[in-house]
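Only one structure is covered here, and it is reproduced in the block below.
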Amino acid sequence: MNVNDDAFRDELKALILAAVDKEEPAGGLRDDEPWFGDESRLDLDSLDALQISMAIQKKYGVRMPDSKDTRRALVSLLAMAEHLHKHRPV
């Protein structure tokens with residue numbers, strides 16, 4: 001798994017959107033686009049964060065407990081890809 005791998009990021013994006021039952025925003029979802037907050041076009045909430053965490057654990061085997069590290073990973077696609085790169089079991 002490589003953070004710079006387009007295929008991995010596309011797979012991750014599809015997993016995230018499926019987990020929160022959302023369509024990709026018009027014009028696509030940028031790798032650094034925020035998932036939560038005022039600037040988010042996805043308009044995700046805490047339940048969505050839980051659904052993403054469960055999908056990540058099921059697909060990649062990375063447990064995402066409620067922590068500052070997890071909250072940083074849930075910021076954007078790029079942040080999640082970097083988190084998985086660091087924490088995925090070999």
- Return the residue satisfying two criteria in turn: it lies in region 1-16 and is surrounded by 11 or more Cβ atoms within 10 Å (Cβ to Cβ) and free of Cβ contacts under 8 Å to residues at least 24 places away in the same chain, and of such residues it is farthest from ALA81 (Cα to Cα). ALA14
- ALA55 meets each of (1) under 21 Å from GLU23 (Cα atoms); (2) of a type in the set (A, V, I, L, M); (3) free of Cβ contacts under 8 Å to residues at least 40 places away in the same chain with one exception, condition (3)
- Message: Take ARG41 and tell me if it is out of contact with any Cys (no Cβ under 9 Å at 6 or more places or on another chain) and surrounded by 14 or more Cβ atoms within 10 Å (Cβ to Cβ).
- Response: yes
- Residue hits (region 53-73; within 20 Å of ASP5 (Cβ to Cβ) and surrounded by 14 or more Cβ atoms within 10 Å (Cβ to Cβ)) are ALA55, ILE56, TYR60, VAL62, ALA73
- Task: From SER46, SER76, grab the single residue that is exposed (fewer than 14 other Cβ atoms within 10 Å of the Cβ), of a type in the set (Gly, Ala, Ser) and modelled with pLDDT of 90 or more.
- Result: SER46
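The values are calculated or read from the model by the stated rules, or taken from the named source; none is laboratory data. Note that the structure is a prediction, hence the values are computed from the model and not measured. Here Cβ is always computed from backbone atoms with ideal geometry, including for glycine, and neighbour counts include all displayed protein chains.
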